[in-house]
Amino acid sequence: MTNDSRKPVMAGNWKMNINHLESIAYVNKMAFSLIEADYARTEVVIFPPFTNIRSVQTVIDADHLAITYGAQDISAHDSGAYTGEISGSMLKKLRVTYALIGHSERRAYHHETDESVNAKVKAAIKNDLIPMIAVGETLDIRQSGNAVDHTLNQIQGALKDIRSNYVSELVIAYEPVWAIGTGEVATPQDAQDMSLAIRQKVAKLYSQDVADKVRILYGGSVKAGNVKAIMEQPDVDGALIGGAALDPDEFLRIIRWPDQP
Ligand code: 13P
């Protein structure tokens, strides 16, 4: 994290954990603990399940908290007969800021492809939501030496026909699948190498100016004990945290990454 124009982001992806009542207690705890200096230094984002978004919004609005929130997925469609799906306009009504798109769990369990990810990126932009696009390779792909090619192809697919003014605003989360929920964290150098490769790809597809603005996060077994070394890498602008973000105290320590060992 060396570029002053990119504000660091610490984003907690709750996945299918924490119900709406628990989410109220969680956000209140954050509100109680976070101080101006934390918000000034780091953007704090949470991705609750859809059923909690209204509760989270209510607590955040009531206390004018500077916490932003996102949805863990978004429908590619505007409205209609798509049972179980949630549209971008519904999310926008709840003042959601981010839409997490293409998480590896959605790619693996819900058969999302680069094409469907691209359609969801377009749906997010159309509804004035910021896409947070998740990419990353499986262990097989890493072991075969194709991690960079694979991840950059995912980037290219996700960004197909997206104009540069939108790209400079969005967030990319590099999450190697083998590091998610396994305790197996990529080395800070691995995180840096892939983040730099992603930034160079964005520069090639758009311009260096756009690439310098895109924020690139690392995700995969991030916790308070390893976040600082990851954040010290020049092309890593934040983290997307799963398991460790379920405990608000641990998430707070991660948000205060410069104070960690
Ligand atoms: P863990 O932090 O539990 O490895 O999960 C990472 C992740 O998938 C965040 O989206």
- Note on the structure: About its Cα centre, the range 12-131 carries a charge dipole, from +1 on Lys and Arg Cβ atoms and -1 on Asp and Glu Cβ atoms, whose size in debye to the nearest 20 is 120 debye
- Query: When the dipole is taken about the Cα centre of the range 180-261, and only Lys, Arg (+1) and Asp, Glu (-1) are charged at their Cβ, what size is it in debye, to the nearest 20?
  - Reply: 220 debye
- Item | Diffusion constant of the chain at 20 °C, which comes from Stokes-Einstein with the Kirkwood Cα-pair radius and 1.002 mPa s, µm²/s | 117 µm²/s
- Would you please give the residues with an amide H less than 5 Å from that of ALA99, counting only those at least 5 places away or on a separate chain, with H modeled from the backbone geometry? ALA71, ILE130, MET132
- Query: Which percent, to the nearest 5, of DSSP beta bridges fully inside the chain are antiparallel?
  - Reply: 0 percent
- Fraction of accessible area attributable to carbon and sulfur, the range 116-261 (%, probe 1.4 Å): 49 percent
- Query: If you plug each phi of the range 126-131 into the Karplus form 6.51 cos²θ - 1.76 cosθ + 1.60 with θ = phi - 60°, what whole-Hz ³J(HN,Hα) values come out, in order, with x for Gly and Pro?
  - Reply: 4, 9, 6, 9, 8, x
- Message: Given Cβ point charges of +1 (Lys, Arg) and -1 (Asp, Glu) and nothing else, what value in debye, to the nearest 20, does the dipole of the chain about its Cα centre take?
- Response: 440 debye
- Say the dipole of the chain comes from +1 at the beta carbon of Lys and Arg and -1 at that of Asp and Glu; which of VAL59, TRP14, ALA31 then lies farthest toward its positive end? VAL59
- Message: Before I look further, what does the chain give for accessible area per residue, probe 1.4 Å, in whole square angstrom?
- Response: 45 Å²
- Query: Which of the trypsin sites (Lys or Arg not before Pro) found in the range 74-115 are in a DSSP loop and have at most 13 neighbouring Cβ atoms, other than their own, within 10 Å?
  - Reply: ARG95
- Message: On alpha carbon coordinates alone, what is the Rg over Rh value for the range 46-86, Rh being the Kirkwood radius?
- Response: 1.07
- Kindly flag which residue pairs out of LYS7/LYS228; LYS15/LYS160; LYS15/LYS201; LYS92/LYS201; LYS160/LYS213; LYS15/LYS204 have an alpha-carbon separation exceeding 23 Å in this structure. LYS15/LYS160; LYS15/LYS201; LYS92/LYS201; LYS15/LYS204
- Task: Post the alpha-carbon centroid distance, the range 212-261 to the range 116-174, in whole angstrom.
- Result: 20 Å
- Query: Got a sec? Charge dipole of the chain, +1 on Cβ for Lys and Arg, -1 for Asp and Glu; which of ALA99, GLY242, VAL177 is way out at the positive end?
  - Reply: ALA99
- Note on the structure: The set of residues whose placed amide H lies less than 5 Å from the amide H of ILE46, leaving out same-chain residues fewer than 5 positions away, is GLY12, THR68, TYR69, GLY70
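The values are calculated or read from the model by the stated rules, or taken from the named source; none is laboratory data. The shown structure was predicted, so the numbers you read here are calculated from the model rather than taken from an experiment. Using ideal geometry, Cβ is built from the backbone for each residue, glycine included, and neighbour counts are taken over all protein chains shown. For the accessible areas, the whole protein counts, side chains as well, though only heavy atoms, and no ligand, DNA or RNA atoms are used. Shrake-Rupley method; radii C 1.70, N 1.55, O 1.52, S 1.80 Å.
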